[in-house]
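Data block below; observations after.
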Amino acid sequence: MTLTVTNLTNWMNDFAKKIAINKQLLSDLDTPIGDGDHGFNMDRGMKAVIDKLKDEPKDLTQALKTIAMALISTVGGASGPLYGTAFLEMAKKSTSSNDLAELLTAALAGIEKRGGAKPGDKTMVDVWDAVIPEIKNHSLTQEKINNAVVATKDMVAKKGRASYLGERAIGHIDPGSQSSGYLFSALLETEGIL
Ligand SMILES: Nc1ncnc2c1ncn2[C@@H]1O[C@H](COP(=O)(O)OP(=O)(O)OP(=O)(O)O)[C@@H](O)[C@H]1O
Ligand SMILES: [Mg+2]
């Protein structure tokens, strides 16, 4: 469970592919309970990330910082600063640890602090919160990721645009949870990381 520049880059390449393939689906999820831009925002951001990583970061901290900056400056919306904060917190933590579970724990704390969402609020926090213990426990599966994403369907949103809808958000999967699901599916598929 050691994160390196190489496996991080492979992970991000896989994530970017999943986002590119599913950008319409993500934006469609964001249409009934948001403003229909999540997939396009994330696709723009991940293309920038892949481009910047080609400059060969000198170490893990620099690589994580590069990802954070690319996301913050290109994704926009609510999710750009939140994903950006996640990678920035990982960058900070990486000066003392390269353990993936520890880095992801720091990332989630950053997302929660920045956005103020808690588990159950129908945001990406729900997926991060469900998945990180499974990573620690070496028990993450695709099914567990899917279950965490689908669990947001029956929730009432407490944060973000979807929170304006109250009960009407029930029945819709949270788009940021779906994109985080792709992040963790990509992780599951990356050799030598888990
Ligand atoms: N406060 C928050 N904490 C955690 N996640 C959040 C928060 N607000 C929104 N999100 C996540 O961001 C996703 C929406 O991202 P998106 O890129 O569509 O931004 P947006 O809400 O359209 O931003 P804006 O309102 O600035 O246009 C949601 O599905 C949710 O998972
Ligand atoms: Mg949106």
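Checking each residue in the stretch 1-25 for being of a type in the set (A, V, I, L, M) and either closer than 15 Å to Phe87 by Cα or part of a helix (DSSP H, G or I) (or both) picks out Leu3, Val5, Leu8, Met12, Ala16, Ile19, Ala20, Ile21, Leu25. Which ones in the stretch 15-43 are within 15 Å of the chain's Cα centre (by Cα) and crowded, with 19+ Cβ neighbours inside 10 Å? Phe15, Ala16, Lys18, Ile19, Asn22, Lys23, Leu26, His38, Gly39, Asn41, Met42, Asp43 - these are the residues of the stretch 15-43 that are within 15 Å of the chain's Cα centre (by Cα) and crowded, with 19+ Cβ neighbours inside 10 Å.
Taking the stretch 71-99 as the range and being assigned to a helix (DSSP H, G or I), more than 14 Å from the chain's Cα centre (by Cα) and not basic (Lys, Arg) as the test, the residues that pass are Ser73, Thr74, Ala91.
In the stretch 121-137, the residues that are without any contact (Cβ under 8 Å) to a residue 12 or more places away in the chain reach residues that are more than 16 Å from ligand 2 (Cβ to nearest atom) and outside any helix (DSSP H, G or I) with C-beta atoms within less than 8 angstrom, at least six apart or across chains, in these pairs: Glu134/Leu140; Glu134/Thr141.
For the condition within 16 Å of ligand 2 (Cβ to nearest atom) and either hydroxyl-bearing (Ser, Thr, Tyr) or in a helix (DSSP H, G or I) (or both), Asn41 qualifies.
For the stretch 104-125, a tally of residues being closer than 15 Å to Leu64 by Cβ and among the polar types (S, T, N, Q) returns 1. When restricted to residues that are in a helix (DSSP H, G or I) and surrounded by fewer than 18 Cβ atoms within 10 Å (Cβ to Cβ), the stretch 162-184 contains 6. When Asp55, Asp28, Asp35 are screened for being part of a loop (DSSP other than H, G, I, E, B), within 16 Å of ligand 2 (Cβ to nearest atom) and more than 18 Å from Ala186 (Cα to Cα), only Asp35 passes.
Evaluating Thr74 against the criteria (1) under 22 Å from Val149 (Cβ atoms); (2) modelled with pLDDT of 95 or more; (3) within 14 Å of ligand 1 (Cβ to nearest atom) leaves one unmet condition, (1).
The values are calculated or read from the model by the stated rules, or taken from the named source; none is laboratory data. These numbers come from a predicted model, not from an experiment. Here Cβ is always computed from backbone atoms with ideal geometry, including for glycine, and neighbour counts include all displayed protein chains.
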